[in-house]
Amino acid sequence: MQGSADTLCDLLKTSPQFSELERQKFFDPEALRISCTVMNTFGILPDEIRSPVIQEMFKCSGPGGMVVAGCWHKDSLPTGYKQFYSQ
């Protein structure tokens with residue numbers, strides 16, 4: 001699936017990758033939904049799109065859902081890369 005993170009809900013609702021039953025289950029008000037972005041994906045987004053993306057993640061998570069965003073401190077990235085990924 002490919003699309004823009006700030007239109008995630010629309011993408012999930014219209015993607016031919018999912019059946020109608022899968023969409024109904026996913027968007028069921030009783031379903032626990034978790035929206036997450038990890039491995040600094042959020043950190044590399046342009047500043048002007050970060051807020052709309054987070055808003056969309058909350059929208060997709062729904063009432064009672066969760067949003068998880070993992071990102072690194074930009075100034076510490078070279079140190080983190082050197083200590084964790086270059087060994």
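Since every read-out is calculated from the coordinates, none of them should be taken as a lab result. All values derive from a computational prediction rather than experimental measurement. Every residue, glycine as well, gets a Cβ built from its backbone with ideal geometry; the counts of neighbours run over all protein chains shown.
The table below gives the values:
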{"item": "Set of lysines near residue 82 by C-alpha distance (under 17 Å), chain-local residues within fewer than 8 positions excluded", "result": "74"}
{"item": "Phi-based couplings in Hz for region 29-35 (Karplus 6.51, -1.76, 1.60; Gly and Pro marked x)", "result": "x, 8, 6, 7, 10, 10, 9"}
{"item": "Cα-based equivalent ellipsoid of the chain: semi-axis lengths in Å, sorted from largest, via gyration tensor", "result": "30, 13, 13"}
{"item": "Region 15-87: chymotrypsin sites (Phe, Trp or Tyr not before Pro) in DSSP loop, at most 14 other beta carbons within 10 Å", "result": "27"}
{"item": "Per DSSP, loop GluC sites (Glu not before Pro) in region 1-81 with at most 13 further Cβ within 10 Å", "result": "30"}
{"item": "About the Cα centre, charge dipole magnitude for the chain (Lys/Arg +1, Asp/Glu -1 at Cβ), debye", "result": "220"}
